[in-house]
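Chemist: Pasting a structure below so you can have a look.
The values are calculated or read from the model by the stated rules, or taken from the named source; none is laboratory data. Please read these numbers as outputs of a predicted model, since none were measured by experiment. Cβ placement follows ideal geometry from the backbone for every residue including glycine, while neighbour counts extend to all protein chains displayed. Ligands, DNA and RNA are excluded from the accessible area calculation, which covers all protein heavy atoms including side chains. Shrake-Rupley method; radii C 1.70, N 1.55, O 1.52, S 1.80 Å.
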Amino acid sequence: MRNLFIEFLTQLGCADRAHDIDHIERVVATVRQLGEREGAELAILEPAAWLHDCVSVAKDHPQRQQASLLAADRAVAYLQEINYPQQYHQASTLQIQTCVS
């Protein structure tokens, strides 16, 4: 799955260096470590970690407050595209929606 997420995110590009692939891989590693320690469902958390910045909205853009919602919408569309198990879509996107960038 890692390669699918990286390919998708690379195609999207990133708005700034603070939200590049290195940032996302650090987030995924942290989420994986915390999730394993806490017994969380990684099938929910990992896609959310990979996709939490899949829509980038500039800090001064009028839609900045909706960035997490926009990312969640794009993430669920992508999860459907790659046939990620449906039972994890809602919970993964909820994690993205609650992410504060």
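Chemist: Looking at the range 70-90, which of its residues are closer than 16 Å to Glu7 by Cα and in contact (Cβ under 8 Å) with a residue 12 or more places away in the chain?
Modeler: Of everything in the range 70-90, those that are closer than 16 Å to Glu7 by Cα and in contact (Cβ under 8 Å) with a residue 12 or more places away in the chain turn out to be Arg74, Ala75, Tyr78, Leu79, Ile82, Tyr84.
Chemist: Let me ask something else. Restricting to the range 33-51, count the residues that are closer than 18 Å to Phe8 by Cα and of a type in the set (Lys, Arg).
Modeler: The total comes to 0.
Chemist: For the range 88-97, enumerate the residues that are more than 11 Å from the chain's Cα centre (by Cα) and surrounded by fewer than 17 Cβ atoms within 10 Å (Cβ to Cβ). Before the answer, list the steps.
Modeler: Going residue by residue through the range 88-97, those that are more than 11 Å from the chain's Cα centre (by Cα) are 88-91.
Hits for the range 88-97 are Gln90, Ala91.
Chemist: Restricting to helices (runs of 4 or more DSSP H) lying wholly in the range 1-87: which have 1 or more residues that are open to solvent by less than 70 Å² (accessible area, probe 1.4 Å) and at pLDDT below 90?
Modeler: So the answer is 21-38, 67-81.
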